[in-house]
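Take a look at the structure below.
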Amino acid sequence: MRLVVFDLDGTLIDSVRHYVDTLTIAFDAIGQPVPDETTIRSVSGITSREALAILSPGASPERVEEILQSYRTHYLARAGVHSEPLFVGALDLLDRLQADPDTILAVATGKGYRSAITLLERHNILDRFDSIQTPDHNRGKPDPQMLETAMQRVGADRSQTVMIGDTVHDMRMARAAQVPGIGVTWGYHSSDDLLTEGAGALVARFDELEPAIARLLE
């Protein structure tokens, strides 16, 4: 058995521009100072409430909630397949992995459960994943609980599991769960940061993922 766990935003889903622009609009709409893009990208992967608190230092819990509601409103208004497309090559990779009867696919994402399900349904790939783990039912990244829950659900152990993601939060979660992490270089965070936070391998193309998975789980 191999359990291959994917992050969504920045890993399978090309959401960087949508995320940055939506947050910018949401902050501006309620008169909150807009963070720069580098800072916005740095918080991708953790829960929205945690991210917005970091992006609005000194804001009261009530103000953070107001920003969160603004973000949710603008996110829903702008969301869609075209604003959050699959990366080119993602679907072919899922096809190849799913063709292996010993490989189980799962998701561990900072999105809420309903948002994750909706996004996967829009791309017609929901049924490819045996487990969808989100902060709605687990502690958020970098806590290892999402990976631990995914392993428990399918009966996999640490030696059979790999985490694939684009942020330091993914790599920290993998390290905390004692499973290897593969960093993809086309997402939110830099290669250097991914390596610093424990990535066991870096890949720059989807066709590099299968050899990396095999190498780390051999």
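The values are calculated or read from the model by the stated rules, or taken from the named source; none is laboratory data. Keep in mind that this is a model prediction, so the values were computed, not measured. Ideal geometry is used to build each Cβ from the backbone, glycine not excepted, and the neighbour counts take in all protein chains shown. To get the accessible areas, we keep the full protein, side chains included, count just its heavy atoms, and leave off ligands, DNA and RNA. Shrake-Rupley method; radii C 1.70, N 1.55, O 1.52, S 1.80 Å.
Values for this structure:
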item	result
Relative contact order (percent, whole number), the chain, Cα cutoff 8 Å, 6+ residue spacing	25 percent
Under 5 Å, built H, 5+ apart or other chain: amide partners of T161	L3
Apportionment of accessible area to carbon and sulfur, the chain, percent (1.4 Å)	49 percent
Check: the chain dipole with +1 on Lys, Arg Cβ and -1 on Asp, Glu Cβ, in debye	340 debye
FRET efficiency, T118 to E218 (Cβ-Cβ, R0 30 Å, nearest 0.05)	0.25
Global geometry of the range 83-134, whether rounded, prolate or oblate, following the gyration tensor of its Cα atoms and the 1.5 cut on a/c	oblate
Karplus-derived 3J(HN,Hα), 6.51/-1.76/1.60, for each residue of the range 194-211, Hz, glycine and proline x	5, 5, 4, 8, x, 4, x, 7, 10, 10, 10, 9, 4, 6, 8, 6, 4, x
Rounded, prolate or oblate (a/c below 1.5 giving rounded, otherwise prolate when a/b exceeds b/c) for the range 105-163 by Cα gyration tensor	oblate
Net charge of Cβ neighbours under 14 Å - reference T196; Lys, Arg +1; Asp, Glu -1	-2
Q133 long-range amide H proximity, modeled H, under 5 Å	V107, A108, T109
Accessible area (Å², per residue) of the range 23-91, counting only protein heavy atoms and a probe of 1.4 Å	53 Å²
Net length gained if the chain between A176 and D193 were fully extended (0.36 nm per residue, minus Cα distance)	4.5 nm
Vicinal HN-Hα couplings computed from phi for the range 47-57 (Karplus, 6.51 cos²θ - 1.76 cosθ + 1.60; Hz; Gly/Pro x)	5, 4, 5, 5, 4, 5, 5, 5, 6, 10, x
Calculated from backbone phi, Karplus (6.51, -1.76, 1.60) coupling profile of the range 166-171 in Hz, x at Gly/Pro	10, 10, 5, 5, 5, 5
Rounded to 5, percent antiparallel among DSSP beta bridges of the chain	5 percent
